[in-house]
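Structure, as structure tokens:
The values are calculated or read from the model by the stated rules, or taken from the named source; none is laboratory data. This structure is a prediction, so every number in the text was calculated from the model and none was measured. So basically every Cβ, Gly included, is an ideal-geometry build from the backbone, and we count neighbours across all protein chains shown.
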């Protein structure tokens with residue numbers, strides 16, 4: 001397949017849309033729960049893989065170490081001896097520390113970066129750096145159905161951008177911006193508007209994509225991404241609303257009682273998992289090549305990687 005030729009994916013004209021940096025899709029900006037960081041200078045999108053990073057640390061720490069240490073403390077309060085607590089610490093802490101180090105020291109897949117300062121996009125694939133100038137970017141959104149005996153027909157839509165290998169522009173990739181499953185064309189066009197609004201009018205913008213000094217709309221979009229550690233808080237809010245609606249009588253259901261019991265028990269596991277992922281993400285930032293990291297800084301160079309390639313060609 002010739003990667004230097006951007007072919008329109010198979011499908012009807014209505015199910016495939018070519019997208020541009022300076023052309024509106026007509027949709028309102030919509031974040032689709034894959035934004036890892038939304039900063040003044042760059043937007044980082046999860047590139048897939050290791051979404052469960054931190055799970056073992058959460059299980060061994062939240063469901064193992066925390067309850068076991070609690071049991072050890074109860075034993076100490078009851079008997080006045082530290083033997084039970086020491087035993088629990090010796091069993092649980094090494095397992096938790098081993099899992100935590102294993103999950104934080106292994107690098108996470110690097111995100112897809114949209115750099116507002118240099119107006120370009122970065123992506124790492126198997127150790128190779130790919131990039132694309134934002135103003136000339138090629139993007140396509142396609143809607144399709146996945147059909148299977150177990151899932152039936154699942155509506156899906158992909159959003160992809162074309163990127164070139166740094167210093168080897170003859171090699172190109174189509175990079176997917178998030179998973180296509182369960183999405184439709186309007187959602188992907190809305191997400192493209194979110195990216196367009198950030199790159200062209202950001203870092204903050206309103207619900208119409210226009211520049212805004214306030215971050216209210218952006219925060220509302222990012223807050224819609226559910227975190228498991230917020231489950232207990234959401235349960236309390238739902239129960240409070242149910243009590244208000246019922247006038248204070250018979251407002252607790254069986255599922256509410258189950259959530260009140262199990263959500264606090266799962267909270268340490270969820271928090272430790274999220275903390276572990278956060279540590280691994282911070283460590284992985286240092287894996288970008290210097291030409292990228294220096295351009296993410298407020299005082300870094302503003303020349304694009306495409307400009308560096310052109311300069312190298314002219315000096316040969």
Output the number of the condition that residue 231 fails; it satisfies all remaining conditions of (1) outside the structural domain of residue 114 (by TED's automatic domain parsing); (2) touching a residue at least 60 places away in the same chain (Cβ under 8 Å).
-> (2)
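Each row is one residue, and each column tells you yes or no for (1) touching a strand residue (DSSP E or B) at 6+ places or on another chain (Cβ under 9 Å); (2) assigned by TED's automatic domain parsing to the domain that holds residue 300; (3) over 29 Å from residue 309 (Cβ atoms).
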position	(1), (2), (3)
120	yes, no, no
131	yes, no, no
141	yes, no, no
145	yes, no, yes
150	no, no, yes
153	yes, no, yes
169	no, no, no
180	yes, no, yes
192	yes, no, no
Check whether at least one residue in the stretch 283-294 is under 24 Å from residue 103 (Cβ atoms), modelled with pLDDT of 90 or more and assigned to a helix (DSSP H, G or I), and report yes or no.
-> yes
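Residue-wise test of (1) on the phi > 0 side of the Ramachandran plot; (2) under 21 Å from the mean Cα position of the chain (by Cα); (3) touching a residue at least 24 places away in the same chain (Cβ under 8 Å).
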| site | (1), (2), (3) |
| --- | --- |
| 130 | no, yes, yes |
| 135 | no, no, yes |
| 162 | no, yes, yes |
| 182 | yes, yes, yes |
| 192 | no, yes, yes |
If only one of 161, 261 is out of contact with any helix residue (DSSP H, G or I) (no Cβ under 8 Å at 6 or more places or on another chain) and not assigned by TED's automatic domain parsing to the domain that holds residue 147, which one is it?
-> 261
When only residues in the stretch 256-279 that are under 30 Å from the mean Cα position of the chain (by Cα) and more than 30 Å from residue 105 (Cβ to Cβ) count, which is surrounded by the fewest Cβ atoms within 10 Å (Cβ to Cβ)?
-> 261
Please specify each residue of the stretch 173-190 satisfying the condition of being out of contact with any helix residue (DSSP H, G or I) (no Cβ under 8 Å at 6 or more places or on another chain) and over 16 Å from residue 15 (Cα atoms).
-> 173, 174, 175, 176, 179
What number goes with the only condition from (1) modelled with pLDDT under 95; (2) surrounded by fewer than 19 Cβ atoms within 10 Å (Cβ to Cβ); (3) at negative phi that residue 174 does not pass?
-> (1)
So how many residues does the stretch 301-316 have that are in contact with a strand residue (DSSP E or B) (Cβ under 6 Å, 6 or more places away or on another chain) and outside any loop (DSSP other than H, G, I, E, B)?
-> 2
The correct count of residues that are farther than 23 Å from residue 283 by Cα, out of contact with any helix residue (DSSP H, G or I) (no Cβ under 8 Å at 6 or more places or on another chain) and part of a loop (DSSP other than H, G, I, E, B) in the stretch 17-45 is 0
